[in-house]
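Structure record follows, encoded as structure tokens.
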Amino acid sequence: MKALVDPRKCTACGVCEGVCPVEAITVTETIAEVSDACTLCGLCVDACEFGALSLPEAGARPVEDLESYRGVWVFAEWRSGVVHPVSRELLGAGRKLADKRGVELAAVLLGHRIEAAAAELLDYGPDVVYVVDHPELARFTDETYAASLVELARRHKPEILLAGATTMGRSFIPRVAALLQTGLTADCTDLDIGENGLLLQTRPAFGGNVMATIVCPNRRPQMATVRPRVMKPAVDRRNGRVEAVTLPERCFEHRVEVLQVIAETDETAKLSEAEVIVTGGRGLQKREHFRMVEELARLLKGAVGASRSVVEEGWIGPSHQVGQTGQTVAPSLYMAIGVSGAIQHIVGMQGSRIIVAVNKDPEAPIFDVATYGVVGDLFQFVPAFIRKVKEERGE
Ligand SMILES: Cc1cc2nc3c(=O)[nH]c(=O)nc-3n(C[C@H](O)[C@H](O)[C@H](O)COP(=O)(O)OP(=O)(O)OC[C@H]3O[C@@H](n4cnc5c(N)ncnc54)[C@H](O)[C@@H]3O)c2cc1C
């Protein structure tokens, strides 16, 4: 099954050849020809201004042989040679799913000179770690990572494919789902196997007011992303194996060149890994007052968080936002200063071990999730608290 070319409309202009991500189109002097490598992604159809390309009717397409897909896969992310914590968390979740399905759990590692990361991954319980080591994978690009993961998935046919809802995962996993022509549920907070063997993918919907459980019954793999710190990290080590995989060179071709990687220097932006977070809300009234929150965070050796209102006011950058459209965090201590506790904020921080809320409104919803609540004026409480901490430390 492949895209169809109408010879009466095709002008052999070559645009379709340029947009085809799998190089399935060759343009001769008179017409575009589509090979069997076509994945029916439809990019050529959208790009053709003459309407010469079309996809076969849905009914004419072959029904997927769902039973031929087996196994649970986790895309393993790493940075500077170290496995990202979300990969360990996904392997923990993946192990439960794989055991329920009675199938293998695999981790997929893409990069260059990544032997140490592959060895580390074995500690987190996969049955196999597929490793693609290539110089072009040393730096992340959407094109190379997507093409490599797609090629692997086409060869091995996993039934479930999980990835972190990190900057990297959010960037290229939708492309993988599109190329594999399957569904993707982003930002899941729970994963399970239903009675019919399908992956149950639960995530907040309608502004966080309901939890939706989504299934992907007709396509494979069933794909989901999960935010860091939502799942419990894997604990079991077993005698897994590492399998080096060689992919065709076309997987490493890319149109985008990474010229420079600028490391995140703002330590406070590393919210998802912080043990202490002090978050400021609109109750602080203006940017200058937000400095109190920054000072308290510094004193407690923590990171600075922000509600979306504060980010929208421009008091601090979006990398500090906690909540549904920001980051999910679960520190040991979360202090919410002048934050009302809208549901969209709460879904991002309710996993914190101790929550301290400071708000002058005793009815503020933040108190519903707070371990300790201070009903009072933050402009009195925070300076006094800062003074007390300094006093205790003899500063
Ligand atoms: C689709 C969608 C996604 C969203 N995603 C996010 C998200 O990711 N993160 C997020 O945070 N929000 C998100 N929001 C916005 C969210 O609904 C709220 O509007 C926002 O969280 C409110 O921010 P806030 O608590 O700082 O401000 P407010 O709701 O204005 O609360 C300010 C609080 O400060 C208190 N206060 C005022 N003065 C003082 C004082 N002197 N002392 C003590 N307390 C005081 C008030 O009593 C009040 O409770 C989203 C909304 C939508 C629709």
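Restricted to the stretch 306-333, and to residues that are within 9 Å of the ligand (Cβ to nearest atom) and of a type in the set (Gly, Ala, Ser), which residue is nearest to Glu391 (Cα to Cα)? Among residues in the stretch 306-333 that are within 9 Å of the ligand (Cβ to nearest atom) and of a type in the set (Gly, Ala, Ser), the one nearest to Glu391 (Cα to Cα) is Ala306.
The residue pairs whose first member lies in the stretch 18-47 and is of a type in the set (D, E, K, R), whose second member is part of a strand (DSSP E or B) and at pLDDT 90 or above, and whose beta carbons are closer than 8 Å, counting only pairs six or more residues apart or on different chains, are Glu33/Val5; Glu33/Ile25; Glu33/Thr26; Glu33/Val27. Identify the residue in the stretch 354-374 that is out of contact with any strand residue (DSSP E or B) (no Cβ under 7 Å at 6 or more places or on another chain) and free of Cβ contacts under 8 Å to residues at least 24 places away in the same chain and, among all such residues, is nearest to Arg298 (Cα to Cα). If we take residues in the stretch 354-374 being out of contact with any strand residue (DSSP E or B) (no Cβ under 7 Å at 6 or more places or on another chain) and free of Cβ contacts under 8 Å to residues at least 24 places away in the same chain, then Asp361 is nearest to Arg298 (Cα to Cα).
Results for (1) out of contact with any helix residue (DSSP H, G or I) (no Cβ under 9 Å at 6 or more places or on another chain); (2) open to solvent by 30 Å² or more (accessible area, probe 1.4 Å); (3) in a loop (DSSP other than H, G, I, E, B); (4) away from the ligand (no atom under 15 Å from the Cβ), shown as yes or no for each residue.
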{"residue": "Cys251", "(1), (2), (3), (4)": "no, no, no, yes"}
{"residue": "Arg255", "(1), (2), (3), (4)": "no, yes, yes, yes"}
{"residue": "Ile262", "(1), (2), (3), (4)": "yes, yes, yes, yes"}
{"residue": "Thr279", "(1), (2), (3), (4)": "no, no, no, no"}
{"residue": "Glu288", "(1), (2), (3), (4)": "yes, yes, no, no"}
{"residue": "Met292", "(1), (2), (3), (4)": "no, yes, no, no"}
{"residue": "Ala297", "(1), (2), (3), (4)": "no, no, no, yes"}
{"residue": "Lys301", "(1), (2), (3), (4)": "yes, yes, yes, yes"}
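Scanning the stretch 1-31 for residues that are more than 13 Å from Gly51 (Cβ to Cβ), of a type in the set (Asp, Glu) and not in a helix (DSSP H, G or I) turns up Glu23, Glu29. Quick one: count up the residues across the stretch 168-182 that are assigned to a loop (DSSP other than H, G, I, E, B) and surrounded by 20 or more Cβ atoms within 10 Å (Cβ to Cβ). The qualifying residues number 1. When the stretch 365-385 is filtered for residues that are part of a strand (DSSP E or B) and either in contact with a helix residue (DSSP H, G or I) (Cβ under 6 Å, 6 or more places away or on another chain) or among the charged types (D, E, K, R) (or both), the ones remaining, listed by number, are Gly373, Val374. The condition (being within 23 Å of Pro85 (Cβ to Cβ), modelled with pLDDT of 95 or more and among the aliphatic types (A, V, I, L, M)) is satisfied by just one residue among Ile193, Ile173, Ile214, Ile262: Ile173. Within the stretch 110-128, not a single residue is touching a residue at least 12 places away in the same chain (Cβ under 8 Å), among the basic types (Lys, Arg) and part of a helix (DSSP H, G or I).
The set of residues from the stretch 303-339 being assigned to a loop (DSSP other than H, G, I, E, B) and under 17 Å from Tyr372 (Cβ atoms) comprises Pro331, Ser332, Gly338, Val339.
Residues in the stretch 348-364 that are in a loop (DSSP other than H, G, I, E, B), more than 8 Å from the ligand (Cβ to nearest atom) and of a type outside the set (Asp, Glu): Met349, Gln350, Gly351, Ser352, Arg353, Pro362.
Scanning the stretch 365-379 for residues that are more than 9 Å from the ligand (Cβ to nearest atom) and either outside the structural domain of Gln285 (by TED's automatic domain parsing) or closer than 13 Å to Gly341 by Cβ (or both) yields a count of 5.
Go over the candidates Thr185, Thr213, Thr225, Thr202 one by one and state the one that is in a strand (DSSP E or B) and more than 29 Å from Leu40 (Cβ to Cβ).
Every option except Thr202 fails the conditions.
Number of residues in the stretch 334-347 that are under 12 Å from Phe381 (Cβ atoms) and either of a type in the set (Lys, Arg) or near the ligand (Cβ under 7 Å from one of its atoms) (or both) equals 1.
The values are calculated or read from the model by the stated rules, or taken from the named source; none is laboratory data. Source: prediction; values computed, not measured. In this analysis, Cβ positions are derived from the backbone assuming ideal geometry, glycine residues included, and neighbour counts consider all displayed protein chains. To get the accessible areas, we keep the full protein, side chains included, count just its heavy atoms, and leave off ligands, DNA and RNA. Shrake-Rupley method; radii C 1.70, N 1.55, O 1.52, S 1.80 Å.
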